[in-house]
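Colleague: The structure under discussion is supplied below as structure tokens; questions concerning it will follow.
The values are calculated or read from the model by the stated rules, or taken from the named source; none is laboratory data. No experiment lies behind these values; they were computed from the predicted model shown. Here the Cβ is made from the backbone with ideal geometry for all residues, glycine too, and neighbour counts use every protein chain on show. When the accessible area is computed, the model is the full protein with side chains, heavy atoms only, and any ligands, DNA or RNA have been set aside. Shrake-Rupley method; radii C 1.70, N 1.55, O 1.52, S 1.80 Å.
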Amino acid sequence: MFYLCASIVIPKTLHIKSSYILAIESSCDDTSAAVLKDTQVCSNVVANQEIHEQYGGVVPELASRAHQQNIVPVVDQALAKANIDKKQLSAIAFTRGPGLMGSLLVGTSFAKSMALGLGIPLIEVNHMQAHILAHFIEDDAMTAPSFPFLALTISGGHTQIVQVNDHLQMTILGQTLDDAVGEAFDKSAKLLGLPYPGGPLIDKHAQAGDPTRFPFPKPKMPGLDFSFSGLKTSILYFLQKQQAADAHFIQNNLDDICASIQHTIVTILMDKIKKAVKQTGIKQIAIGGGVSANSGVRSALKQLGREKGWDVHIPKFEYCTDNAAMIGIVGHYKLRKNEFADYQVTAKARYQL
Ligand code: KG4
Ligand code: ZN
């Protein structure tokens, strides 16, 4: 039995004992390549694009140009660090979407050409699925959740609660109807005059501040959906009012403002997770995405886990923000099922789970 993939013929019953996957991630402003030997990470190289800092947010055209400059050295480094030759690769996995079209196209075209050149299978990966499966990377510091579990995926582009029934079978239970939680962090930081990306800076200042000093309103969203655009507006009005009375209000109260914003966002997230557990009866919780690096989110979830007897899974920092290792782990599970993409596959900026 054979599986026909463009002009290359791949045995359908590819017998995989141990496989090396090269994974490529380029959905936003990080160019990353990783090599995985089955579920083990041999290398995970990430090139951040600092160019966006001066513009206060990601500029799509600059991001795709930077990906073009970075992709070859990043892939070279990933192979060198893993100490393997490209001829040893079993497949190439890449982020097909969701993300910025120009950025995705760089990784997609590179992965397609390389797979075609080497005559090996190509595996397309959904970025949000990858944030969830990052928990299955073999690492002493992490334990994989068992099925079914609830995943809270919180990033710069998404905020979702997902029921995960199997590695490749998941259903969205709720999601944001406007801004993503990472955007809420970054836009609030911008209002405070902090550089992009402001999420980690809010986190840093919050650790020295009083989280109850400035109470901000929480949205009344039914079910498991989220909304963060109202919070941003209320922070804007609050700052305008305070600055009218004290021009140095932000400088004099930065830690407390950051702690209060973070506390509000964390409470919104935790309230929804509690609701999702109640609705589904599932007590295995895993977080993923850039915002799962947030210290407030991590400690609130651990605390809830202890109080409520939940089994909580929190990824290592390097697997929270965008990285190719998480793309590789999805590649691993798809390779085991011979789920390959056609060489004509195209990037998909909007790509639901
Ligand atoms: O998953 P990710 O790297 O990229 C996307 O897929 O969007 O997430 C990036 C987001 C940014 O909004 C960034 O500000 C936020 O994650 N982030 C944080 C922290 N670290 C990264 N937000 C709050 N606290 C952090 N420590
Ligand atoms: Zn991401």
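Colleague: How high is the FRET efficiency between K274 and K87 when r is their beta carbon distance and R₀ equals 56 Å, given to the nearest 0.05?
Modeller: With R0 = 56 Å, the Cβ-Cβ based efficiency is 0.65.
Colleague: Something else about it: Hey, could you grab the Kirkwood Rh for the stretch 143-314? Inverse mean 1/r over distinct alpha carbon pairs, Å, one decimal.
Modeller: On the way: mean 1/r = 0.0608 Å⁻¹.
The Cα-based Kirkwood calculation yields 16.4 Å.
Colleague: Can you give the % of DSSP beta bridges in the chain that are antiparallel, to the nearest 5?
Modeller: Here the share of antiparallel DSSP bridges comes out near 65 percent.
Colleague: For the pairs K86/K316; K302/K334; K218/K274; K190/K218; K87/K337, note any where the Cα-Cα span goes beyond 25 Å.
Modeller: In this structure, K86/K316; K302/K334 exceed 25 Å between Cα atoms.
Colleague: By a straight-distance test (C-alpha under 13 Å), which aspartates and glutamates pair with K283 as possible cross-link partners, with residues fewer than eight away in the same chain excluded?
Modeller: E307, D311
Colleague: If I take every Cα pair under 8 Å that is 6 or more residues apart in the stretch 268-353, average their sequence separation and divide by the length, what percent do I get for the relative contact order?
Modeller: Relative contact order, the stretch 268-353: 27 percent.
Colleague: Mind computing the radius of gyration and Dmax over the alpha-carbon atoms of the stretch 148-233? Å is fine for both.
Modeller: In order Rg, Dmax, the Cα atoms of the stretch 148-233 give 14.8, 43 Å.
Colleague: So what's the back-of-envelope 222 nm ellipticity for the chain, counting only DSSP H runs of four-plus at -39500 (n - 2.57) apiece and dividing by all residues, rounded to 500?
Modeller: Mean residue ellipticity, 222 nm, calculated: -13500 deg cm²/dmol.
Colleague: So, R0 is 30 Å and r is the distance between the beta-carbons of Q69 and L116; what FRET efficiency does that work out to, to 0.05? Spell out each step's value before the answer.
Modeller: Values: r = 22 Å, r/R0 = 0.75.
Calculated transfer efficiency: 0.85.
Colleague: For T143 and E339, FRET efficiency with R0 = 35 Å and r from the beta-carbon atoms, rounded to 0.05?
Modeller: 0.85
Colleague: Continuing with this model, one more query. Which order do the peptides 294-300, 30-36, 144-150 take when ranked by the mean count of other beta-carbon atoms within 10 Å per residue, highest first?
Modeller: The peptides rank, most packed first, as 30-36, 294-300, 144-150.
Colleague: What's the Kirkwood radius of the stretch 210-268 in Å, using all Cα pairs?
Modeller: 12.2 Å
Colleague: Can you tell which of I327, I137, I282 shows the greatest fluctuation in a Gaussian network model of the chain with Cα springs below 10 Å?
Modeller: I282
Colleague: I need the per residue convex hull volume for the stretch 302-353, using only the alpha carbons, in cubic angstrom as a whole number. Write down the numbers at each step before the final one.
Modeller: Working: hull volume 7.8 nm³, N = 52.
So the per-residue hull volume is 149 Å³.
Colleague: Please state the relative contact order of the stretch 98-212 as a whole percent: Cα pairs under 8 Å, 6+ residues apart?
Modeller: Details: 113 pairs, mean separation 15.1, N = 115.
The value is 13 percent.
Colleague: In whole percent, what relative contact order does the chain give with Cα contacts below 8 Å and a gap of six or more residues?
Modeller: 25 percent.
Colleague: Another question, if that's okay. Quote the convex hull volume per residue of the chain, based on C-alpha atoms, as a whole number of Å³.
Modeller: 132 Å³
Colleague: Mind ranking F94, F317 by accessible surface for me, highest first, 1.4 Å probe? Please list the in-between numbers first.
Modeller: Numbers: F94 0, F317 125 Å².
The most accessible residue leads, giving F317, F94.
Colleague: Roughly how many Å² is the accessible area per residue of the chain, as a whole number, for a 1.4 Å probe?
Modeller: On a per-residue basis, 44 Å².
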